[in-house]
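The values are calculated or read from the model by the stated rules, or taken from the named source; none is laboratory data. Keep in mind that what you see is a predicted model, and the values were worked out from it rather than measured. Please note: Cβ atoms are built from the backbone with ideal geometry, for glycine as well, and neighbour counts cover all protein chains shown.
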Ligand SMILES: NC(=O)c1ccc[n+]([C@@H]2O[C@H](COP(=O)([O-])OP(=O)(O)OC[C@H]3O[C@@H](n4cnc5c(N)ncnc54)[C@H](OP(=O)(O)O)[C@@H]3O)[C@@H](O)[C@H]2O)c1
């Protein structure tokens, strides 16, 4: 049985999946460090969680993950606040973008920077701490779209999500054969879960689950400390495999 990883830091906790996972984890008695740029949202979430659950600690910090020095500083502050971190969920992300070669470089670059380079900074900061403690659980939020190259506005987004999944796998590879380390790495590949990011995407609604259902499925896989999982498992575990192996011309019509 995996140990209880009590103290959890979540980036991008001001809305959607980050806030949803915070609600599920708080109900299970975890202490939380919540970060994002919109601190008013974090403060409201902290007040809600502290009122609903006795005995938990919730600290909040303003953090723009694109400011890499701030990532390291805020993680250190959260470590001090909670007396160490047992789990870090690299969740902050965005889905801006446009077809490559159509003048959308600024949006594509922003997505690449936040979803990949900033995720790298978060993984560095988390793993430094976990190596020091010889324990910890790194969770990276990828996407089912990472299974293949995706067309049009999703091209850069899907590439960043494939990138973070490979980053996590490489970190996991570094841990193989290292004795005396209780460090695990989990990659989650969410399908469509209601959040601000996909508020306006109508064709997704048939397969979309509500935020709470999606976040419960995510937390169940996180607590099982699996190496990777599509979430919710149905329909995304089988659909993910179809996306991975179907001809590209079919994949582009599926998304
Ligand atoms: N919902 C889905 O169906 C789905 C599917 C696959 C993967 N995902 C992934 O799940 C993660 C969460 O997305 P979501 O669906 O919950 O979307 P969301 O509701 O838009 O939430 C995105 C979160 O990321 C934060 N964020 C964005 N840019 C940031 C920055 N530069 N610095 C710090 N925080 C930043 C936002 O906080 P602030 O704006 O307050 O900073 C917000 O809390 C993302 O990585 C996304 O790619 C979602």
*Please go through segment 26-40 and pick out each residue that is surrounded by fewer than 17 Cβ atoms within 10 Å (Cβ to Cβ) and either touching a helix residue (DSSP H, G or I) at 6+ places or on another chain (Cβ under 9 Å) or at pLDDT below 95 (or both).*
27, 28
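If you scan segment 127-149, which residues turn out to be in contact with a helix residue (DSSP H, G or I) (Cβ under 9 Å, 6 or more places away or on another chain), in a helix (DSSP H, G or I) and crowded, with 19+ Cβ neighbours inside 10 Å?
Here is the first cut: in segment 127-149, the residues in contact with a helix residue (DSSP H, G or I) (Cβ under 9 Å, 6 or more places away or on another chain) are 127-129, 136-149.
If we keep only those that are in a helix (DSSP H, G or I) as well, we get 127-129, 144-147.
Residues satisfying the conditions are 129, 144, 145, 146, 147.
Condition test on residue 47, is it within 15 Å of the ligand (Cβ to nearest atom), modelled with pLDDT of 95 or more and surrounded by fewer than 19 Cβ atoms within 10 Å (Cβ to Cβ)? Reasoning before the result, please.
On the way: within 15 Å of the ligand (Cβ to nearest atom): no; modelled with pLDDT of 95 or more: yes; surrounded by fewer than 19 Cβ atoms within 10 Å (Cβ to Cβ): yes.
So residue 47 fails the test.
Of 34, 9, which residue is within 12 Å of the ligand (Cβ to nearest atom), within 24 Å of residue 184 (Cα to Cα) and in a strand (DSSP E or B)? Steps first, please.
Values: 9 fails: within 12 Å of the ligand (Cβ to nearest atom).
Just one listed residue meets the conditions, 34.
How many residues does segment 93-126 hold that are near the ligand (Cβ under 10 Å from one of its atoms) and assigned to a loop (DSSP other than H, G, I, E, B)?
Restricting attention to segment 93-126, the residues satisfying the condition of being near the ligand (Cβ under 10 Å from one of its atoms) are 93-96, 110-111, 113-115, 118-119, 122.
Within this subset, residues satisfying the condition of being assigned to a loop (DSSP other than H, G, I, E, B) are 93-96.
Matching residues across segment 93-126 total 4.
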_Taking the condition of being away from the ligand (no atom under 16 Å from the Cβ) and over 17 Å from the mean Cα position of the chain (by Cα), how many residues in segment 127-148 meet it?_
8
_First in segment 211-227 and farther than 14 Å from residue 195 by Cα and at pLDDT below 95, second anywhere and assigned to a helix (DSSP H, G or I) and within 14 Å of the ligand (Cβ to nearest atom), Cβ under 7 Å, 6 or more apart_ = none
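Would you call residue 173 away from the ligand (no atom under 11 Å from the Cβ) and farther than 28 Å from residue 137 by Cα?
On the way: away from the ligand (no atom under 11 Å from the Cβ): yes; farther than 28 Å from residue 137 by Cα: no.
So residue 173 fails the test.
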*Looking at 168, 217, 162, which is the one that is in contact with a helix residue (DSSP H, G or I) (Cβ under 6 Å, 6 or more places away or on another chain) and either within 12 Å of the ligand (Cβ to nearest atom) or closer than 22 Å to residue 95 by Cβ (or both)?*
162
*Among the candidates 89, 56, single out the residue that is within 18 Å of residue 120 (Cα to Cα), in contact (Cβ under 8 Å) with a residue 24 or more places away in the chain and not in a helix (DSSP H, G or I).*
89
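When the residues of segment 176-193 are narrowed to those that are in contact (Cβ under 8 Å) with a residue 40 or more places away in the chain and within 12 Å of the ligand (Cβ to nearest atom), which ends up farthest from residue 141 (Cα to Cα)?
193
Within segment 232-248, work out how many residues are touching a helix residue (DSSP H, G or I) at 6+ places or on another chain (Cβ under 6 Å) and within 16 Å of residue 158 (Cα to Cα).
Going through segment 232-248, the residues touching a helix residue (DSSP H, G or I) at 6+ places or on another chain (Cβ under 6 Å) turn out to be 232, 236, 240, 243-244.
Keeping just the survivors that are within 16 Å of residue 158 (Cα to Cα) gives 236, 240, 243-244.
The total comes to 4.
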*Scan segment 245-252 and give yes if some residue there is over 20 Å from the mean Cα position of the chain (by Cα), within 21 Å of residue 166 (Cβ to Cβ), part of a helix (DSSP H, G or I) and in contact (Cβ under 8 Å) with a residue 12 or more places away in the chain, otherwise no.*
yes
*Considering each of 51, 78 in turn, give the residue that is part of a helix (DSSP H, G or I), out of contact with any helix residue (DSSP H, G or I) (no Cβ under 7 Å at 6 or more places or on another chain) and within 17 Å of residue 18 (Cβ to Cβ).*
78
